[in-house]
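Take a look at the structure below.
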Amino acid sequence: MTSSLPPSDAILPGITLDQHLLRRQRHIPEATGDFTGLFQQLTLAAKVIASRVRRAGLTNQLGTTGEVNVQGEVVQKLDDLANATILQSIDNGRFVGIAASEELPDPVIFDAARGRGKYALVFDPLDGSGNLDVNGTTGTIFAIFKRLHPLETPSLKDVLQPGSALVAAGYVVYGSSTIFVYSTGKGLYGFTYDPSLGEFFLSHPEISIPHHGKTYSLNEANAAKWHPGMRRWLKDAKGRASEGWSLRYSGAMVADVHRVFLKGGMFAYPAEAERPLGKLRLLCEAAPIAFLARAAGGLATDGRAPILDVQPKTLHQRTPLFVGSTAVIEDVMAALSRDE
Ligand code: P6P
């Protein structure tokens, strides 16, 4: 005689992020555990950042440091904390040889004594941090490359790779709940954090971007600076309000992209007359988001070409970005290709 198991959801809320990663690792014979180890470090960093973001108003962590970063943006106190948290979390693991942060002018190269980590990590530690003071949503974005020459000293070459070379990417959205979303190229998975248990549990087992969508996410205040085709597309979209088309824009790309991934539509930060490469950073924002969008069946372009095909020339290179439902992105690209 044997006893039957209690229903699986009777006690645990589901599979954890760690378990999901270990299951993935078991299917890769050559896996050394370094990739899983790196993800566990990033998961820890996400938990720490989530905790600090939630209590910022109580721990004098709101507001700015008074500094301006390499992007020319005012640094929020939590930008610095999130940046330091991620760098510290990967510093003792020998998984990462070089890490590039949106907040730092140059990459951090980890001490050779710790072994030359095989991965290159690129990240935006706290995207949309301008929202913090008003309790808005923010996020962390990360991208993981394999280093080009793992036995050599890490260098910028390890980071200046096209998005198509990514081995994994993800984001953490610090919103009404904290959700860790990642992909290794096939499938897009979301895990919701339970602070009472200190674990991320699988809550979105297979995120798939609807082929079409009626929500567009862009900063219309900049419309006068856009390509005429983009202005025409926006005018047409606004004309379809009675058909359910609507604008949603939070000021934090991670939040807006997360909505598009789940509900369809488009997030866009177009080129402008005086900013032909737009505002968003290619390596630490657009490329990882494009990698995730492709894994979820969506599309991401710079208005002309797939973001994943763009070969970065400089670390903080910017790019226009259009990402979301394939039908919507293709429609926008057609509008941009008309020369009026
Ligand atoms: P704007 C945040 O600073 C960010 O990089 C993205 O997260 C966000 O989508 C965009 O810039 C907001 O820029 O010019 O609309 O305030």
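The values are calculated or read from the model by the stated rules, or taken from the named source; none is laboratory data. Everything numeric here is computed off the predicted structure, so don't read it as measured data. Neighbour counts run over all protein chains shown; Cβ positions are idealised from the backbone, glycine included. To get the accessible areas, we keep the full protein, side chains included, count just its heavy atoms, and leave off ligands, DNA and RNA. Shrake-Rupley method; radii C 1.70, N 1.55, O 1.52, S 1.80 Å.
Quick notes on this structure:
- Residue within the stretch 53-64 that is open to solvent by 20 Å² or more (accessible area, probe 1.4 Å), hydroxyl-bearing (Ser, Thr, Tyr) and touching a helix residue (DSSP H, G or I) at 6+ places or on another chain (Cβ under 9 Å) present: yes
- Filtering the stretch 207-231 to residues that are within 27 Å of TYR182 (Cα to Cα), within 15 Å of the ligand (Cβ to nearest atom) and of a type outside the set (A, V, I, L, M, F, W, C) leaves THR215, TYR216, SER217, ASN219.
- All positions within the stretch 72-83 that are crowded, with 16+ Cβ neighbours inside 10 Å and either among the hydrophobic types (A, V, I, L, M, F, W, C) or farther than 20 Å from THR137 by Cα (or both): VAL75, LEU78, LEU81, ALA82
- Every residue from the stretch 25-50 that is of a type in the set (A, V, I, L, M) and out of contact with any Ser or Thr (no Cβ under 9 Å at 6 or more places or on another chain): ILE28, ALA31, LEU38
- Enumeration of residues in the stretch 311-325 that are among the hydroxyl-bearing types (Ser, Thr, Tyr) and buried (at least 18 other Cβ atoms within 10 Å of the Cβ): THR319, SER325
- Test: residue in the stretch 166-173 that is in contact with a Lys or Arg (Cβ under 6 Å, 6 or more places away or on another chain), more than 28 Å from ARG55 (Cβ to Cβ) and not in a strand (DSSP E or B): yes
- For the stretch 130-144, the criterion of being more than 13 Å from the ligand (Cβ to nearest atom), modelled with pLDDT of 95 or more, under 18 Å from the mean Cα position of the chain (by Cα) and of a type outside the set (A, V, I, L, M) is met by at least one residue.
- Exclusive hit being more than 13 Å from LEU166 (Cα to Cα) and within 16 Å of the ligand (Cβ to nearest atom), set ALA271, ALA290: ALA271
- Subset of the stretch 148-163 [in a loop (DSSP other than H, G, I, E, B) and open to solvent by less than 10 Å² (accessible area, probe 1.4 Å)]: PRO154, VAL159
- Scanning the stretch 194-222 for residues that are of a type in the set (A, V, I, L, M, F, W, C) and either within 21 Å of the chain's Cα centre (by Cα) or open to solvent by less than 20 Å² (accessible area, probe 1.4 Å) (or both) yields PHE200, PHE201, LEU202, ILE207, ILE209, LEU218.
- Residues in the stretch 226-268 that are of a type in the set (Gly, Ala, Ser) and either more than 16 Å from GLU330 (Cβ to Cβ) or exposed (fewer than 14 other Cβ atoms within 10 Å of the Cβ) (or both): GLY239, ALA241, SER242, GLY244, SER246, SER250, GLY251, ALA252, ALA255.
- Within the stretch 107-118, considering residues that are buried (at least 16 other Cβ atoms within 10 Å of the Cβ) and touching a residue at least 40 places away in the same chain (Cβ under 8 Å), the one nearest to PRO312 (Cα to Cα): PRO107
Residue-wise test of (1) under 22 Å from PRO210 (Cβ atoms); (2) within 16 Å of the ligand (Cβ to nearest atom).
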position: TRP233; (1), (2): yes, no
position: GLY239; (1), (2): yes, no
position: GLU243; (1), (2): yes, no
position: ARG259; (1), (2): yes, yes
position: LYS263; (1), (2): yes, no
position: GLY278; (1), (2): no, yes
position: ARG281; (1), (2): no, yes
position: LEU299; (1), (2): yes, no
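- Residue in the stretch 145-161 that is under 24 Å from ASP18 (Cβ atoms), in the same structural domain as GLU103 (by TED's automatic domain parsing), of a type in the set (A, V, I, L, M, F, W, C) and at pLDDT 95 or above present: yes
- Counting only helices (runs of 4 or more DSSP H) wholly contained in the stretch 247-338, the ones carrying 1 or more residues that are within 14 Å of the chain's Cα centre (by Cα) occupy 253-263, 287-295.
- Checked against (1) in contact with a helix residue (DSSP H, G or I) (Cβ under 7 Å, 6 or more places away or on another chain); (2) under 22 Å from VAL310 (Cα atoms), LEU126 passes all but a single condition, namely (2).
- Selected residue (only one of LEU104, LEU87, LEU121 is within 16 Å of GLY37 (Cα to Cα) and open to solvent by 20 Å² or more (accessible area, probe 1.4 Å)): LEU87
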